[in-house]
Each structure stands twice: as structure tokens, then as C-alpha cells.
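**Q** My questions will all concern the structure given below.
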Amino acid sequence: MTANDEQENLSSAYGGDDVIKSTLGDVLESREKSLYWLQQQTGIAYTTLFRLRHGQASSVSFDVMNKICRALTCQPGELFTFQDEETKHQDAKPRRTSSGSGKTKHEAKARAAAITG
């Protein structure tokens with residue numbers, strides 16, 4: 001079971017298809033830090049950090065966010081991603097048309113529809 005599978009299972013148990021996902025685990029891993037280290041640096045309860053890392057938290061205070069960001073020297077946007085059903089299955093970067101126009105396929109189709117319609 002991957003970390004994403006685990007988070008989805010836990011998320012389902014705690015309220016369903018959340019669109020805001022915590023990436024705290026990824027940030028900690030990239031910095032080679034543990035939840036225990038983060039707890040020691042911030043004074044935040046280990047259970048709070050565990051719930052946040054595993055997608056079980058239903059909210060997060062600015063105070064908690066501030067402490068985490070200071071300890072990890074990161075921005076709040078690095079700790080969360082927004083993912084709805086539409087974006088869940090798309091690539092991270094929009095696909096460009098083969099014409100080299102720099103427009104996404106969606107933009108190109110909308111423009112063509114506007115011209116012909």
C-alpha cells in the first residue's frame with residue numbers, strides 16, 4: 001500500500017473525498033526529518049501532526065501552520081495540494097498543442113469554437 005492509498009483510505013474514514021490533501025509527509029521526507037523531530041521543534045502535539053500528515057485533520061490553525069513553516073522553512077502552499085475529481089486524473093502540467101502555439105488543447109478548442117461559432 002502506497003502513502004497515497006493510505007491517505008485515501010484514512011480520508012474516506014474521516015469525511016470522504018477531501019480536495020485539499022496534506023503533503024506534510026512528502027515535505028518531511030524531502031528534508032529527511034521525522035514527525036518526532038517536528039514535534040520537538042514546534043511543541044505541537046504529536047497526534048496533531050500525525051493527523052495532519054495522514055489526512056485525518058479536519059482543520060488546521062494559523063498558529064500550527066506558522067510553527068510548521070518556521071521549523072521546515074517552507075511556505076504554507078508546500079504543505080497542501082488542491083485536488084478535485086477533474087484535476088485528480090490530469091497531468092500536473094497542461095498539455096500543449098502540437099502546433100507550437102503555446103496554447104493548451106482546451107484553450108485552442110475554445111478559440112476555434114469562438115471563431116467558427
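**Q** Tell me, in nm to one decimal, what length is gained between residue 62 and residue 31 on full extension, where the rule is 0.36 nm per residue of separation less the Cα-Cα distance?
**A** That works out to 8.9 nm of additional length.
**Q** Which order, highest average first, do 49-58, 73-82, 36-45 follow once you tally other Cβ atoms within 10 Å for each residue and take the mean per peptide?
**A** Averaged packing, sorted descending, gives the order 49-58, 36-45, 73-82.
All of the numbers you see were taken from the coordinates with simple rules; none came from a lab. As the structure is a prediction and not an experimental result, all values here were calculated from the model. Backbone-built Cβ (ideal geometry, glycine too); neighbour counts: all protein chains shown.
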